[in-house]
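What follows is a set of notes on a single structure, which appears directly below.
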Amino acid sequence: SEGEPAIEQVAIKRARAAIDSYHFELEPAAQREVNRVFEQACRALDVEPPQ
């Protein structure tokens with residue numbers, strides 16, 4: 001319905017929060033890989049990645 005965030009956007013925001021919560025434990029190369037996969041998922045779902 002209008003005005004409610006799409007389920008995809010809710011899922012993406014939760015995924016971003018989960019990624020951010022453990023990002024500091026990852027090596028830089030792993031961080032880049034996670035970000036790349038995350039952005040691919042956003043594109044696949046046709047949602048804007050949260051900033």
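A few comments on the model shown:
- Restricting the range 12-26 to residues that are without any contact (Cβ under 8 Å) to a residue 12 or more places away in the chain and surrounded by 12 or more Cβ atoms within 10 Å (Cβ to Cβ), the residue that is farthest from PRO49 (Cα to Cα) is LEU26.
- Residue in the range 30-42 that is in contact with a Leu (Cβ under 8 Å, 6 or more places away or on another chain) and either without any contact (Cβ under 8 Å) to a residue 24 or more places away in the chain or part of a helix (DSSP H, G or I) (or both) present: yes
Every number here is computed from the coordinates shown, using simple stated rules; none is lab data. Quantities reported herein were computed from a predicted structural model and do not represent experimental measurements. As a convention, Cβ positions derive from the backbone with ideal geometry for all residues, glycine included, and neighbour counts pool all protein chains shown.
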